[in-house]
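First up is the structure itself, then whatever we jot down about it.
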Amino acid sequence: MAPVDPHSFTDSAHPLTTHVALSLYFDFPSSTIHAAALLTLAAPCSGQLSLDARSLAIHGVLDPQTLAPLSFTLSPPDAVKGSLLSVALDSHASVLVLYSTSPDSSALQWLSPPQTFNKTHPFVYTQCQSIHARSVFPCQDTPAARICYSAKLNVPRELSAVMSARHAGRRDPVAGDVSEGFKKGGSAAGLNLESLWCGDRRVVEEFVMEQPIPPYLFAFAVGELGFREVGPRTRVYSENVAGVLDSAASEFAGTEEMIRQGEKLFGEYPWERFDLLVLPPSFPYGGMENPRMVFLTPTVIKGDASGAQVVAHELAHSWTGNLITNINNEHFWLNEGFTTYAERRIVEVVQGEERAILSMGIGWRGLNEEMERFKDNMEFTKLKTNQEGIDPDNVYSQVPYEKGFQFLARIERQIGRSAFDEFTKKYIENFKFKSIDTETFLEFLKANVPGIEKEVDLKLWTEGTGIPPDAYEPVSDLYTKIVSLANEFKLGKIPGEDEVATWQGQEWELYLENLPKCVEASQVLALDARYRMSESKDYEVKVAFLQMAISSKCRDYYPEVEKTLKEVGRMKYLRPLYTALVQGSGNEEEKILAKRLFAEARECYHPIAQGVVESILAKNL
Ligand SMILES: [Zn+2]
């Protein structure tokens with residue numbers, strides 16, 4: 001009996017779940033889902049089966065064949081892992097759990113109509129990475145356990161649903177959808193589920209996922225959705241608002257070309273469809289690589305090359321991450337480092353080497369800043385980390401992405417691109433649909449690239465802290481020019497209009513990232529007077545600028561900071577802005593402002609983002 005994952009109650013002595021069949025009744029007024037989950041195990045099991053659950057009300061656990069109740073206990077919640085749902089089994093190969101989610105389910109954001117684009121219909125969506133699937137259904141919530149699933153979603157007729165799965169149909173609800181077990185669960189919760197399920201103006205959307213995925217890739221969204229076709233295997237979905245759909249469709253028009261280039265590099269696209277869903281602005285990430293249906297923040301739609309780079313990243317996950325998954329979050333670099341490498345290879349082919357180098361340069365800056373952030377806790381500057389008792393959302397950083405990228409690029413430099421490409425294809429073929437750890441990767445590397453350990457210090461790269469001496473700052477004429485202009489700013493020089501005439505968002509982002517964090521307020525004002533960054537439609541630019549304005553106590557920009565923190569919920573922007581407001585001393589006014597803004601904006605953030613901002617404030621106030 002041993003845990004397989006520091007973030008899960010899953011026990012190595014128990015069979016893993018292979019399939020989950022879900023019936024989900026969405027009750028928007030109470031922000032609740034009433035549900036039945038039928039879990040099928042790889043083998044019959046006797047004794048206590050350990051499942052993960054977080055803020056679920058369990059109405060009963062039944063033997064699915066006989067509908068006899070199975071005894072269970074639900075532990076008080078652990079701050080990181082949630083509750084242990086322990087079910088007593090006697091040669092059972094499946095269990096039926098009847099439950100309701102809670103309005104504060106950490107995976108779900110329920111948006112009221114005013115919080116959406118269309119302002120007329122509610123919306124709900126999931127974000128299950130890293131350990132939030134357990135707040136939607138009880139499961140062995142570890143990437144070590146890959147599951148197939150099927151789902152029936154009962155939603156109001158004016159809404160529709162998408163999932164990280166094949167859409168199998170939309171139809172009227174029928175009483176037969178509500179099994180005897182599900183009915184029992186409903187009555188235990190004081191509900192007549194059959195009449196609710198078959199109620200007026202309800203519809204059932206059915207989905208099937210036949211390829212095994214880690215639970216963190218389970219995903220749905222329900223709202224008034226529309227779509228545009230942008231390629232033979234790609235639709236762009238969003239709320240059914242013409243302006244949003246049209247700009248998303250034009251931003252992502254090049255998706256099919258990216259998929260083809262990805263296939264040339266990494267092998268056939270394995271998930272059949274590559275659809276995109278643009279979410280409301282509260283979505284906490286840039287993108288989430290849910291298979292068949294990538295979720296995206298609307299902030300990536302800005303009419304330049306960088307939006308496509310986020311799509312390239314999520315596409316790259318189709319091979320590295322979704323196909324080969326880290327066995328638990330301590331090996332997250334295998335997922336994100338490989339994907340960042342693969343993303344830049346796709347960008348290099350589709351947008352050219354210069355764009356790929358700029359993206360590496362921004363990553364290099366970001367990696368160096370993380371060293372500063374973790375200077376008192378260097379554990380999280382390692383690729384392979386110890387996360388016992390650690391909430392993965394609180395230590396989420398660029399390290400697995402950018403140090404992972406650097407490690408793979410180092411190996412590539414050593415053995416040459418064509419040998420590394422051959423290795424990567426073999427690696428993907430060998431481990432597809434598996435979840436692996438760092439040691440497995442290193443063994444495979446050493447077996448396939450004999451002598452690599454003599455050339456590259458594999459232990460230092462994977463287990464050492466900080467940035468290894470053989471990491472590599474990217475170089476190109478443009479990159480060098482931007483960094484030298486940023487250095488000149490320290491001497492009081494603002495770049496001339498001719499020098500920046502061809503710059504896009506990424507050039508400005510790199511420029512701002514290379515400026516000192518804190519300068520004279522007059523310099524902030526002078527820079528903005530010329531280039532109007534505080535009003536940029538590109539949040540990367542605007543947020544980098546506002547971060548400098550806050551650190552320089554240039555209070556003219558606080559209304560813009562307030563507006564920004566109230567209109568987006570992407571953690572990439574919340575983290576630096578709230579941190580700049582509350583970090584350090586002598587900034588009492590800023591601390592008060594941060595507290596007020598969070599109190600007012602909190603409702604607009606996804607629960608994961610709420611937790612992250614809370615932890616930033618708790619550490620600094
Ligand atoms: Zn990623």
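Out of the residues in region 18-32 that are among the hydroxyl-bearing types (Ser, Thr, Tyr) and touching a Ser or Thr at 6+ places or on another chain (Cβ under 7 Å), state the one that is nearest to residue 386 (Cα to Cα). In this case the residue turns out to be 18. Taking region 397-417 as the range and being touching a residue at least 12 places away in the same chain (Cβ under 8 Å) and open to solvent by 40 Å² or more (accessible area, probe 1.4 Å) as the test, the residues that pass are 398, 413, 414, 415.
Looking only at residues in region 344-380 that are closer than 20 Å to residue 487 by Cβ and among the β-branched types (Val, Ile, Thr), the one that is surrounded by the most Cβ atoms within 10 Å (Cβ to Cβ) is 362.
Within the option set 53, 13, 43, being among the hydrophobic types (A, V, I, L, M, F, W, C) and at pLDDT below 95 holds for one residue only, 13.
Looking only at residues in region 520-530 that are touching a Phe, Trp or Tyr at 6+ places or on another chain (Cβ under 8 Å) and not polar (S, T, N, Q), which one is nearest to residue 550 (Cα to Cα)?
Filtering region 520-530 down to residues touching a Phe, Trp or Tyr at 6+ places or on another chain (Cβ under 8 Å) leaves 523-524, 527-528.
Those still in the list that are not polar (S, T, N, Q) too: 524, 527-528.
On the way: 524: 10, 527: 14, 528: 14 Å.
Taking the candidates together, the pick is 524.
Table: residues versus (1) closer than 28 Å to residue 602 by Cα; (2) within 13 Å of the ligand (Cβ to nearest atom); (3) among the charged types (D, E, K, R).
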position	(1), (2), (3)
284	yes, no, no
288	yes, yes, no
292	no, no, yes
304	no, no, yes
314	yes, yes, yes
326	no, yes, no
339	no, yes, no
361	no, no, no
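Take the conditions modelled with pLDDT under 95, charged (D, E, K, R) and open to solvent by 30 Å² or more (accessible area, probe 1.4 Å) and apply them to residue 119. Does it pass? Judged against the criteria, residue 119 is a match.
Cβ separations smaller than 8 Å between residues 6+ apart or across chains give the following pairs from region 329-356 residues that are within 24 Å of residue 431 (Cβ to Cβ) and polar (S, T, N, Q) to residues that are more than 13 Å from the ligand (Cβ to nearest atom) and assigned to a helix (DSSP H, G or I): 329/392.
Pick out, from region 550-621, the helices (runs of 4 or more DSSP H) lying fully within it that include 3 or more residues that are charged (D, E, K, R). Step through it out loud before you land on a result.
Working: elements: 558-567, 571-582, 588-601, 607-620.
Once the helices (runs of 4 or more DSSP H) in region 550-621 are filtered for at least 3 residues that are charged (D, E, K, R), what remains is 558-567, 588-601.
The residue of region 563-603 that is surrounded by the fewest Cβ atoms within 10 Å (Cβ to Cβ), among those that are of a type outside the set (D, E, K, R) and under 18 Å from the mean Cα position of the chain (by Cα), is 576.
Considering only strands (runs of 3 or more DSSP E) fully contained in region 1-99, which possess at least 1 residues that are among the small types (Gly, Ala, Ser), closer than 24 Å to residue 161 by Cβ and open to solvent by 20 Å² or more (accessible area, probe 1.4 Å)?
The strands (runs of 3 or more DSSP E) meeting that bar are 17-27, 56-62.
Here residue 261 meets the list (1) in contact with a Ser or Thr (Cβ under 9 Å, 6 or more places away or on another chain); (2) surrounded by 17 or more Cβ atoms within 10 Å (Cβ to Cβ) almost entirely, failing just condition (1). crowded, with 22+ Cβ neighbours inside 10 Å and aliphatic (A, V, I, L, M): is that true of residue 188 in this structure? Answer is no for this residue.
The values are calculated or read from the model by the stated rules, or taken from the named source; none is laboratory data. All values reported here derive from a predicted model rather than from experimental measurement. Every residue, glycine as well, gets a Cβ built from its backbone with ideal geometry; the counts of neighbours run over all protein chains shown. Side chains are part of the model used for accessible areas, which takes the heavy atoms of the whole protein and leaves out ligands, DNA and RNA. Shrake-Rupley method; radii C 1.70, N 1.55, O 1.52, S 1.80 Å.
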